[in-house]
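Reviewing the structure listed below.
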Amino acid sequence: MDTLKTRRTVRSYADRDVEAALLRELLETAMRSSNTGNMQAYSVVASRSDAVKQALAPLHFNQAQVTTAPVVLTFCADFNRFSKWCAQRKAEPSYGNVQSFVAAAIDAVILAQTFCVAAEAVGLGICYLGTTTYTAKGISEALRLPKLVLPVVTLSVGYPVEDAAVKPLSDRLPLDGILHEDQYRDYTPEDIDRIYDARESLEESRYFVELNKKETLAQIFTDIRYNKENNESFSVAFVDALRAQGFL
Ligand SMILES: Cc1cc2nc3c(=O)[nH]c(=O)nc-3n(C[C@H](O)[C@H](O)[C@H](O)COP(=O)(O)O)c2cc1C
């Protein structure tokens, strides 16, 4: 429990390899996690070569972790292998649809997060790369993913450099801000003020608001980090990727 409470994202890695045997053991452990119908409709691409990491870097908007981490793991929703098995066993697969993609994506994310917990427990550091769904089609090409395989999350993995280990924990909302007893109770304006107060009061938040010449912290999200233009264009690109990989 304590290791979970003190974990944080690690973006800077020591010049130390993640041994292949350890990586395999962590992934095998993660594969014990629940998955839809035990179909295991997921695959993981472990990229270690400079060539592939360099190809992935621009697709992750050149975030440094992609090339500085010893290993980059791309977790994919994968109905390719399962469909092939069905076809070879006189069963008619029908997994080229959104429902199957969602089920496979959920399983791939559960696998990834279980891997993270296991990896952090042995002293590794991880960083999720949300850019995966922004450029899923390009990543599919770079990793040579066949039809019915689509990347959903990427992790950079490595041993933390010293100063990453002492980076302060990032804030979280109070539990009562996200927990609803019995049924959902919608938020009043007073609830919203109370739930976001601590985060808005952080020195770091005030700094970003001032630096970006904004009025509120929320505007950092709506106008800069997760803005309408990007959300809409990445949505179109993702639907395109779903179609290209045969899920639509
Ligand atoms: C789906 C997902 C996508 C993320 N994408 C990125 C990313 O592209 N780059 C990055 O540096 N961190 C990324 N993160 C890490 C978050 O920024 C981080 O988890 C959050 O700020 C909380 O910090 P903590 O993990 O240190 O507690 C992502 C996390 C998740 C779960």
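Some notes on this structure:
- Excluding same-chain neighbours fewer than eight residues apart, the lysines reachable from Lys90 by a Cα-Cα span under 30 Å are Lys147.
- Counting only Cβ charges, +1 for Lys and Arg and -1 for Asp and Glu, the dipole size of region 175-225 around its Cα centre is about 340 debye.
- Mean residue ellipticity, 222 nm, helices only, the chain: the sum of -39500 (n - 2.57) across DSSP H runs of n ≥ 4, divided by residue count and rounded to 500, is -13000 deg cm²/dmol.
- Comparing Asp78, Asp50, Asp107 in a Gaussian network model of the chain, where Cα atoms under 10 Å apart are tied by springs, the biggest mean-square fluctuation is seen for Asp50.
- Here the dipole of the chain is about 1200 debye; that uses its Cα centre as origin and unit charges on the Cβ of Lys and Arg (positive) and Asp and Glu (negative).
- Relative to the current alpha-carbon distance between Leu202 and Asn227, full extension at 0.36 nm per residue lengthens the span by 6.8 nm.
- If you model region 1-106 as an ellipsoid using its alpha carbon gyration tensor, with each semi-axis the square root of five times an eigenvalue, the axes come out at 30, 18, 14 Å, biggest first.
- Listed residues Leu217, Pro189, Leu179: farthest to the positive end of the dipole of region 175-225 (Cβ charges): Leu217
- Near Val71: Cβ cut-off under 13 Å, other residues only, Lys/Arg at +1 and Asp/Glu at -1. The net charge is +1.
- Annotation: lysines with alpha-carbon distance below 17 angstrom to Lys53 (same-chain offsets under eight excluded): Lys137.
- Nearest-ten-degree value, helix 189-201 long axis tilted from longest Cα axis of the chain: 90
- Volume per residue of the C-alpha convex hull in region 175-225, rounded to whole Å³: 95
- Working note: Karplus 6.51/-1.76/1.60 with θ = phi - 60° gives region 228-245 the couplings 4, 4, 5, 4, 6, 6, 5, 5, 4, 5, 6, 4, 4, 5, 4, 5, 4, 8 Hz, where Gly and Pro are set to x.
- Between 0 and 90 degrees, the angle of helix 20-30 with respect to the longest Cα principal axis of the chain falls at about 80 degrees.
- Straight Cα distances below 25 angstrom link Lys5 to the lysines Lys167, with same-chain residues fewer than 8 positions distant left out.
- If you run the Gaussian network model on the chain, springs between alpha carbon atoms under 10 Å, then out of Asn62, Asn227, Asn35 the most flexible one is Asn227.
- Whether the chain is rounded, prolate or oblate, judged on the alpha carbon gyration tensor where a/c under 1.5 counts as rounded: prolate
- Maximal additional length on extending the Arg16-Tyr184 stretch stands at 55.8 nm, based on 0.36 nm per residue less the C-alpha distance.
Every read-out reported here was derived from the displayed coordinates using simple, explicitly stated rules and does not represent laboratory data. What you see is a predicted model, and the numbers here were worked out from it, not measured in a lab. Positions of Cβ are backbone-derived with ideal geometry, glycine not excepted, and every protein chain shown enters the neighbour counts.
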